[in-house]
Amino acid sequence: MTAAPADAARARATPAPPPAEGRLLREAVRRGRGPAALVLAATALGAAAAVTLPLALGRAVDLLIARADAGSWVLLCTALIATEVATDALVARTGGRTGAATTAWLRRRALAGFLAAPPAATTGTGLPTRLTANALDAGTAPVAAATAAAAGLAPLGGLAGLFLVDPWAGAAFVCGVPLLLLILRALLRDGRAALTTYQEEQGRMARLLTGALTGAATIAAARTVRAEERRVLAPLAGMRAAGERTWRVQGRAAGLSGALMPLLVAAVLAVGGVRLVAGHLTPGDLLALSRYAVLAAGAGALAGAVNGWVRAKAGTARVETVTALPPTPHGTRDLPPHGDGTLALHGVHVTRDGVPLLDSVTLTLPGGTTTALVGPSGSGKSLLAAVAGRLTDPDQGTVLLDGTDLRTLSADTLRHAVAYAFERPALFGATIAHAVACGPLPEPDLRRALRRAAADTFTDRLPHGPRTPLPEAPLSGGELQRLGLARAFTRPTRLLILDDATSSLDTVTAHLVARALTDTPGTRLTITHRLTTAAQSDQVVWLDGGRIRGTGPHSVLWRDPAYRAVFGAGAGGDAGAGADTVTDTEARRRSDVRTDVTSDVRTELPTDMRTDLHTGIRTDPRVDTGTGAAE
């Protein structure tokens with residue numbers, strides 16, 4: 001059964017263009033529009049109270065000087081001050097809650113976009129920085145937008161109050177407004193560019209640091225700590241330059257506005273004083289002018305509001321690079337109900353940065369069999385395993401599972417049909433059980449998966465068994481791999497892919513896992529460097545330089561000295577008997593060994609090499625076989 005042409009065409013269709021720049025910012029603001037509207041209303045109410053207060057204070061002062069009853073005006077002033085305090089508190093509380101909620105939403109969006117994209121598209125995205133510092137800045141976008149929109153209300157009200165009390169005082173203040181607008185414009189333009197550069201360098205340093213922490217043991221063993229320090233800290237120069245530029249822009253804006261505002265206030269008070277002496281103003285009017293001048297001078301606070309909006313925009317732009325990653329397209333098809341897991345690759349070709357990593361790979365894995373994938377480092381084994389289970393798509397060619405193109409399968413069907421286990425599995429969840437189950441899983445199924453992966457021998461010794469929290473369960477490399485295998489064993493699949501997933505296991509445990517794999521339904525593809533694993537497989541695929549150099553039973557491939565060299569074996573001796581000799585020796589050595597891995601389990605290695613799939617070696621004439629022959 002093959003995929004319908006229409007389905008295959010849809011699966012290979014050109015992905016949709018990326019969303020327009022700024023879309024995530026608009027979505028974030030729209031998502032927080034309710035709280036943002038509350039912030040805007042509270043800020044406007046506070047600004048109204050602040051603009052009304054000088055008039056009330058001035059009237060109260062004039063009445064008190066005239067020894068008249070000013071009780072009602074004093075009460076009004078008290079109410080206005082209380083309103084300012086209450087609105088400020090409401091803005092702070094709403095802003096904090098909204099920022100936290102928006103930041104969480106952005107982080108979920110970024111993580112979902114990262115996980116939905118093909119692995120090749122996520123390289124170098126700097127996800128940790130985008131999920132932490134950048135998302136935190138971006139989360140302030142709804143409130144920053146409302147704050148920036150309302151930041152000018154109090155200064156404009158103050159300016160209107162100046163003209164209301166005395167037009168001459170208002171004119172004196174207006175003379176400095178054009179210069180203030182130029183300052184704000186420069187901050188908006190230059191500040192964003194500098195801040196974006198700073199965030200990019202910060203993300204680069206985070207990527208380098210993450211890599212260094214992952215390889216901390218290697219760095220310590222190689223005694224290259226100082227060299228790694230220099231490498232990780234290399235972006236500091238760029239960060240320093242961008243940071244200094246940011247602070248210069250903000251400092252220049254703050255300095256100019258800080259110098260300009262007192263001069264404008266002084267000019268207003270000077271004009272007001274002259275008008276007071278001339279009898280055109282009362283003492284209360286002069287007090288109102290001084291308060292209005294301070295409010296109008298608060299236009300300098302616009303710089304802070306604008307800077308907050310700039311930071312939110314820059315942070316959102318960084319997060320958007322992850323949320324806008326093109327997702328892996330899926331179809332809607334299901335697999336045939338009674339398929340045996342036959343996997344077929346036809347003309348698979350993968351190129352990265354102009355270099356072909358897999359070249360015209362054509363391969364069939366019969367259903368229910370075990371195939372060992374061997375080859376030197378860099379030959380493309382892990383990439384072929386990724387293509388086989390659709391962790392990445394080939395640039396050319398097709399991959400069929402039970403005759404159905406993987407690209408036409410629905411996401412759920414693909415997830416339930418293919419399982420992976422990796423050399424260094426990552427565990428997620430609160431406990432070991434959560435990390436293995438990856439979702440709801442009955443207790444008997446969890447225990448069965450742990451037992452098949454030979455992981456129950458150490459999980460049962462933990463303080464709380466499989467329910468032990470992960471931080472309280474220090475794991476060796478082999479134990480970590482066994483948990484990764486248990487996770488792959490939790491559900492029946494048609495295709496099980498092991499990417500060097502037994503490399504850290506001791507020989508006895510590896511044999512127990514191999515026996516469990518033999519009893520696993522479906523097809524099994526395992527990348528291995530173990531001679532015994534290759535010998536026990538139904539067929540071996542020998543990969544070299546991204547091309548299949550040979551396929552066949554291990555006992556037949558062993559006759560080729562170049563194949564023996566893959567395992568570090570010598571070229572001399574009886575090439576044809578090499579595999580059986582090794583296997584028989586291992587079997588004799590372990591024939592009487594009993595272990596405490598599980599009760600009543602003997603670790604005898606089977607000596608029958610199943611060779612019913614092929615009768616000889618199939619070779620690719622394009623690959624040099626080491627014989628000196630050329631085609």
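Accessible area per residue for the range 66-109 in Å², computed with a 1.4 Å probe and the full protein assembly in place, what is it?
63 Å²
Could you go through the range 205-216 in sequence order and give the Karplus-derived ³J(HN,Hα) for each residue, using 6.51 cos²θ - 1.76 cosθ + 1.60 with θ = phi - 60°, rounded to whole Hz, and x for Gly and Pro?
Working through the residues one at a time gives 5, 4, 5, 5, 5, 4, x, 5, 5, 4, x, 4 Hz.
How large is the charge dipole for the range 459-522, taken about the Cα centre, if only the Cβ atoms of Lys, Arg (+1) and Asp, Glu (-1) carry charge, to the nearest 20 debye? It would help to have the intermediate numbers written out before the result.
Details: 7 positive and 7 negative charges, 55 e Å.
With only Lys, Arg, Asp and Glu charged at Cβ, the dipole is about 260 debye.
Say the dipole of the range 340-426 comes from +1 at the beta carbon of Lys and Arg and -1 at that of Asp and Glu; which of Gly380, Ala411, Gly341 then lies farthest toward its positive end?
Gly380
Using the beta-carbon distance between Arg223 and Arg26 and R0 = 41 Å, what value does 1/(1 + (r/R0)^6) give for FRET efficiency, to the nearest 0.05? Walk me through the numbers before you get to the answer.
Values: r = 51 Å, r/R0 = 1.25.
Rounded to the nearest 0.05, the efficiency is 0.20.
With just the Cα atoms of the range 498-563, tell me how far they stretch along each of the three principal axes, in Å, largest first.
Principal-axis extents of the range 498-563 (Cα, largest first): 29, 25, 22 Å.
Take each of the peptides 135-147, 340-352, average the number of other beta-carbon atoms within 10 Å over its residues, and list them starting from the highest. Before the final figure, lay out the partial values.
Details: 135-147: 25.8, 340-352: 17.8.
Averaged packing, sorted descending, gives the order 135-147, 340-352.
Given labels modelled 7 Å from the Cα in the Cβ direction, how far is it in nm from Leu75 to Val277?
Calculated label separation equals 4.1 nm.
Using the Karplus equation 6.51 cos²θ - 1.76 cosθ + 1.60 (θ = phi - 60°), what ³J(HN,Hα) coupling, rounded to whole Hz, does each residue of the range 393-405 give in order, writing x for Gly and Pro?
Working through the residues one at a time gives 9, x, 6, 9, x, 10, 10, 10, 10, 6, x, 10, 4 Hz.
Mind ranking 92-101, 36-45 by how tightly packed they are, going by the mean number of other C-beta atoms within 10 angstrom, highest first? Please list the in-between numbers first.
On the way: 92-101: 16.5, 36-45: 19.6.
Result, highest mean Cβ count within 10 Å first: 36-45, 92-101.
Along the range 426-439, what does the Karplus equation 6.51 cos²θ - 1.76 cosθ + 1.60 (θ = phi - 60°) give for ³J(HN,Hα), rounded to whole Hz, x for Gly and Pro?
Result, ordered by residue: 9, 9, 10, x, 6, 10, 4, 4, 4, 5, 7, 6, 6, x Hz.
Please give me the summed charge of the neighbours of Val399: other residues whose Cβ is under 11 Å from its Cβ, Lys and Arg +1, Asp and Glu -1.
Numbers: positive: Arg390, Arg407; negative: Asp393, Asp405.
In short, 0.
Pull up all non-local amide H partners of Thr351: gap of 5 or more, or a different chain, and H-to-H distance under 5 Å with H placed in the peptide plane.
Counting only residues 5 or more places away or on other chains, the set is Leu357, Asp395.
Any chance you could tell me what percent of the C-alpha pair distances in the range 86-154 go past 21 Å? Walk me through the numbers on the way to the answer.
Values: 904 of 2346 pairs.
Result: 39 percent of Cα pairs exceed 21 Å.
What is the set of long-range amide H partners of Asp166 at a cut-off below 5 Å, with H atoms built 1.01 Å from backbone N?
Sorted by chain and number, the residues that satisfy this come to none at all.
7 Å from Cα along Cα→Cβ at both Thr214 and Thr468: what's the point-to-point distance in nm?
2.6 nm
Please give, to one decimal in nm, the separation of the simple spin-label points placed at Ala92 and Ala104, each 7 Å out from Cα toward the Cβ.
Going by the 7 Å Cα→Cβ label model, 2.3 nm.
Cα-based Rg of the range 358-444 per 2.2 N^0.38 Å, rounded to two decimals?
Values: Rg = 15.5 Å, N = 87, 2.2 N^0.38 = 12.0 Å.
That ratio works out to 1.29.
Which far-off residues, 5 or more places away or on another chain, put their amide H under 5 Å from the one on Glu423, with H placed in the peptide plane?
Asp499
Sort the following peptides by mean Cβ neighbour count (other Cβ atoms within 10 Å, averaged over residues), highest first: 307-315, 498-506, 480-488.
Working: 307-315: 23.3, 498-506: 21.6, 480-488: 26.1.
Averaged packing, sorted descending, gives the order 480-488, 307-315, 498-506.
The values are calculated or read from the model by the stated rules, or taken from the named source; none is laboratory data. If you're wondering where the values come from, they're calculated on a predicted model, not measured in any experiment. A quick note on method: Cβ atoms are made from the backbone with ideal geometry, for glycine too, and the neighbour counts reach across all protein chains shown. Calculation scope for accessible area: heavy atoms of the full protein, side chains included, ligands and nucleic acids excluded. Shrake-Rupley method; radii C 1.70, N 1.55, O 1.52, S 1.80 Å.
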